[in-house]
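Comments concern the structure below.
The values are calculated or read from the model by the stated rules, or taken from the named source; none is laboratory data. Computed from a predicted structure; not experimentally measured. Cβ atoms come from the backbone with ideal geometry, glycine included; neighbour counts cover every protein chain shown. Accessible surface areas use protein heavy atoms only, side chains included; no ligands, DNA or RNA. Shrake-Rupley method; radii C 1.70, N 1.55, O 1.52, S 1.80 Å.
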Amino acid sequence: MINSDDVKVICPEEGFTGNNEVIRAIQKMILITLLEEKKININQYNNAVEYLEKKYRQC
């Protein structure tokens, strides 16, 4: 299990508001990690990726 002490997110730029492409890429990396660690199965992964694609297509 991953706890908050194991994860650090660093953003050196002040006032970083994010970019949809960057956010989507990070979310996909998280999903891949969860899949590799067997925290989710391939169906859950595929559903989540499909949801992300729909979500960011609307933006």
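Annotations
- Flag if GLU14 is open to solvent by 70 Å² or more (accessible area, probe 1.4 Å), at pLDDT 90 or above, out of contact with any Phe, Trp or Tyr (no Cβ under 9 Å at 6 or more places or on another chain) and on the phi < 0 side of the Ramachandran plot: no
Here's the yes/no breakdown for (1) part of a loop (DSSP other than H, G, I, E, B); (2) among the aliphatic types (A, V, I, L, M); (3) modelled with pLDDT of 95 or more:
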site: ASP5; (1), (2), (3): no, no, no
site: ILE10; (1), (2), (3): yes, yes, no
site: GLU21; (1), (2), (3): no, no, no
site: LYS28; (1), (2), (3): no, no, no
site: GLN44; (1), (2), (3): no, no, yes
site: VAL49; (1), (2), (3): no, yes, no
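- Just so you know, in region 36-59 the residues that are among the hydrophobic types (A, V, I, L, M, F, W, C) and open to solvent by less than 100 Å² (accessible area, probe 1.4 Å) include one that is farthest from the chain's Cα centre (by Cα), and it is ILE42.
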